[in-house]
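Everything below concerns the one structure shown next.
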Amino acid sequence: MLCAWIYTSPMGRYRTAINVAIVLLIAGAVFAIPGGGQAATTFATILYIGFGIGFGYLGLRMYREYRVTLHGLGDRYRGVLYGSLALIAFLTAGQKRMWESGLGELLWFALVLAVLYGLMGVYRRWRSY
């Protein structure tokens, strides 16, 4: 009720300032309340899980919409596409750990180049029709 009054009242022009004040108030509460950091970590984890579910749903939705195109690529290029996508997921998950050593960082960049090469090959195959 209060939010509706703020947005419809003459104070509506201060909406951005009010939103910034609300965010700063929440951040101050997380900083000042004992255990607020743990609550923020829990909330961030829940948010990351939500994003993961969203990306999974997006992938399922895109697979269903482009199923004919994907099967038109052929088994070889479809395998390269799926392998490249899986390698992107592993490289994203293991980036910190691989960058701890000098050779791991070099290997990480080499694998990123392999992913780009595979995706470019799939793209060229897709555009060749």
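Numbers for the structure displayed
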item	result
Spin-label proximity, T69 to the range 109-128 - amide N less than 13 Å from point 7 Å beyond Cα toward beta carbon	123-128
FRET efficiency, V30 to R97 (Cβ-Cβ, R0 30 Å, nearest 0.05)	0.55
Tail weight of P(r) past 21 Å, computed on alpha-carbon pairs of the range 30-119, percent	55
Difference of contour (0.36 nm per residue) and Cα-Cα distance, L87 to L106	5.3 nm
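Rule-based calculations on the coordinates, nothing more; no lab input. As the structure is a prediction and not an experimental result, all values here were calculated from the model. Glycine gets a Cβ as well: all are built from the backbone with ideal geometry, and neighbour counts include every protein chain shown.
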